[in-house]
Ligand SMILES: [Zn+2]
Ligand SMILES: [Zn+2]
C-alpha cells in the first residue's frame with residue numbers, strides 16, 4: 001500500500017515531523033508515502049496557508065536522501081477547489097513539480113463546510129446536495145481541462161467530506177439521499193481521468209466508515225471504475241497508513257484490483273489486495 005494523502009508541519013493544521021511520518025510509514029510496511037500539503041487560495045484562508053514550495057521541496061529532497069532506499073517519498077499537494085481561482089491555481093501547478101495533485105472540495109455555496117456556520121439554520125440535506133454539486137462541478141472542470149491537455153489533477157480527495165460535519169453540526173449523514181449526484185460525480189471522475197480516494201480518516205474519528213463509504217466504491221466499480229487511491233489524511237505521524245486493511249477490503253469487495261500510484265505526475269496502476277500480497281510468490 002501507498003499512503004497518498006498526509007500532512008506535515010508544511011500545512012497550517014499539522015505539527016507533524018516529516019521524518020517521523022516517513023519512519024512510521026516504513027514501520028507499517030508501506031511501499032510509499034506522498035505528502036499532500038494544503039494549498040488554499042480563498043481570501044479567508046490564504047493568510048493561514050503555510051505552503052512554501054522552496055522549503056517543502058528542500059524537506060522532500062532531504063527525506064529522499066535519507067530514506068529513498070527504503071521507501072518511495074512523494075511530493076504532492078492538496079489543492080482546495082475554488083472556482084474563481086482556478087486559472088491562478090493551474091498556473092501555480094504548472095510552475096512547480098509534483099508527484100501527485102489532490103483536488104479537494106472544502107468550500108461550497110460561499111461557506112467552508114468544515115465550519116459550523118455552513119450548517120447553522122440550514123437544512124442539512126440541502127447543504128449536502130449543494131456540497132456534492134460543487135464536487136460534481138469540480139470534476140466537470142477537470143474533465144473540460146483534461147480534454148486537450150496532459151492531466152493536471154490526479155485524485156479527488158474525500159468525495160463526501162461534508163458528512164463529517166453534518167454529523168458534527170447537524171444530525172446525521174445525508175449522502176445516500178443524494179445517490180443521484182454521487183453517480184454523476186463517479187461517472188465524471190472516470191470521464192475526467194481523475195481517481196477517487198478512499199480517505200480513512202473518518203474511520204479513526206469514530207464515524208464508522210471512510211470517505212466515501214463502501215457502497216460508493218461499489219457503485220464506482222459498477223459504473224466502470226477500475227482504480228483507487230488510498231490516503232490516511234494523517235495530520236499526526238501515528239495516523240500514517242491507519243485502517244488501510246479496511247480500505248483494501250473495501251476494494252476487494254468492490255472488485256477493484258488496481259491501486260493508482262502517482263510518481264512525477266505519471267500514474268502506475270499496481271495490483272492490490274491481501275490475496276495477492278500474501279500469496280508468497
Ligand atoms: Zn481535505
Ligand atoms: Zn488533507
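The values are calculated or read from the model by the stated rules, or taken from the named source; none is laboratory data. Since we're looking at a predicted model, the values are computed, not measured. Here Cβ is always computed from backbone atoms with ideal geometry, including for glycine, and neighbour counts include all displayed protein chains.
Just a few scattered comments:
- For the range 1-20, a residue qualifies if it is part of a loop (DSSP other than H, G, I, E, B) and in contact with a helix residue (DSSP H, G or I) (Cβ under 7 Å, 6 or more places away or on another chain), and the qualifying residues are 1, 8, 10, 16, 17.
- Qualifying residue in the range 121-133 (condition: assigned to a loop (DSSP other than H, G, I, E, B), without any contact (Cβ under 8 Å) to a residue 60 or more places away in the chain and under 27 Å from residue 184 (Cα atoms)): yes
- Lone qualifier among 152, 129 - being over 21 Å from residue 77 (Cβ atoms) and surrounded by fewer than 20 Cβ atoms within 10 Å (Cβ to Cβ): 129
- Looking only at the range 149-181, and only at residues there that are within 21 Å of residue 98 (Cα to Cα) and in a loop (DSSP other than H, G, I, E, B), the one that is farthest from the chain's Cα centre (by Cα): 149
- Condition met for residue 63 (in contact with a strand residue (DSSP E or B) (Cβ under 9 Å, 6 or more places away or on another chain) and over 23 Å from residue 247 (Cα atoms)): yes
- Every residue from the range 21-70 that is within 16 Å of ligand 2 (Cβ to nearest atom), farther than 17 Å from residue 96 by Cβ and part of a loop (DSSP other than H, G, I, E, B): 42, 45, 48
- Set side by side, the residues 73, 77 differ, and just one is modelled with pLDDT of 95 or more, assigned to a strand (DSSP E or B), crowded, with 20+ Cβ neighbours inside 10 Å and away from ligand 2 (no atom under 15 Å from the Cβ), which is 73.
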